[in-house]
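Working notes, beginning with the structure itself.
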Amino acid sequence: RRLRDRLKALLADARGMRRDVHSRVAAQVLQTIHILLQATPADSTLFCNLTAGWYLNDVAATRLDFRDNEDLLPLWMTVVKDIATMLSKENLMLFFDPSSPTPFPIFTEAVRFYHHPVSQVRTHVQA
């Protein structure tokens, strides 16, 4: 839980950091989350911890400044796609928060980029 909370804090909290530094830190955090999602078995405690408490929803809904780091948007899109490919009937409740203003942020955030000017981004969203 502590690892999860620290990654979330690094991703969302830019206080005291220059914008370019926060962008690089956010890229490292997204890469770490991507690796964890790819390498962690679905029946493990770590996987349960990563998916508990709508943590991955918070990761998908984090507002990032993609202007400073050209690798940040593809990393974010990869993490969102990782989360989307994890969805099933059995675990949908881990990603749907009816009490939130955006109850299904994985979908909501991906739709923001549906008409992105870069075709690779659009393709990633549509996949």
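The values are calculated or read from the model by the stated rules, or taken from the named source; none is laboratory data. All of these numbers come straight from a predicted model, not from anything done at the bench. Using ideal geometry, Cβ is built from the backbone for each residue, glycine included, and neighbour counts are taken over all protein chains shown. These area figures cover heavy atoms from the full protein model, side chains too; ligands, DNA and RNA do not enter into them. Shrake-Rupley method; radii C 1.70, N 1.55, O 1.52, S 1.80 Å.
Give the residues of region 35-76 that are within 14 Å of the chain's Cα centre (by Cα) and β-branched (Val, Ile, Thr), sorted by residue number.
35, 51, 59, 62
Go through region 71-88 residue by residue and tally those that are assigned to a loop (DSSP other than H, G, I, E, B) and either closer than 19 Å to residue 4 by Cβ or at pLDDT below 85 (or both). Full working, then the answer.
If we filter region 71-88 for residues that are assigned to a loop (DSSP other than H, G, I, E, B), which is where we start, we get 71, 87-88.
Cutting the leftovers down to either closer than 19 Å to residue 4 by Cβ or at pLDDT below 85 (or both) gives us 87-88.
Selection size over region 71-88: 2.
In the list 68, 43, 20, 13, which residue meets the criterion of being at pLDDT below 85, among the acidic types (Asp, Glu) and in contact with a helix residue (DSSP H, G or I) (Cβ under 7 Å, 6 or more places away or on another chain)? Steps first, answer last, please.
Working: 43 fails: in contact with a helix residue (DSSP H, G or I) (Cβ under 7 Å, 6 or more places away or on another chain); 20 fails: in contact with a helix residue (DSSP H, G or I) (Cβ under 7 Å, 6 or more places away or on another chain); 13 fails: in contact with a helix residue (DSSP H, G or I) (Cβ under 7 Å, 6 or more places away or on another chain).
Every option except 68 fails the conditions.
Sort out which residues of region 43-62 are assigned to a loop (DSSP other than H, G, I, E, B) and in contact (Cβ under 8 Å) with a residue 24 or more places away in the chain, and write them in order of number.
Of the residues in region 43-62, the ones assigned to a loop (DSSP other than H, G, I, E, B) are 43-44, 62.
The one that is assigned to a loop (DSSP other than H, G, I, E, B) and in contact (Cβ under 8 Å) with a residue 24 or more places away in the chain: 62.
I'm checking my understanding of the structure. Among residues of region 9-33 that are open to solvent by less than 80 Å² (accessible area, probe 1.4 Å) and touching an Asp or Glu at 6+ places or on another chain (Cβ under 6 Å), which one is nearest to residue 83 (Cα to Cα)?
27
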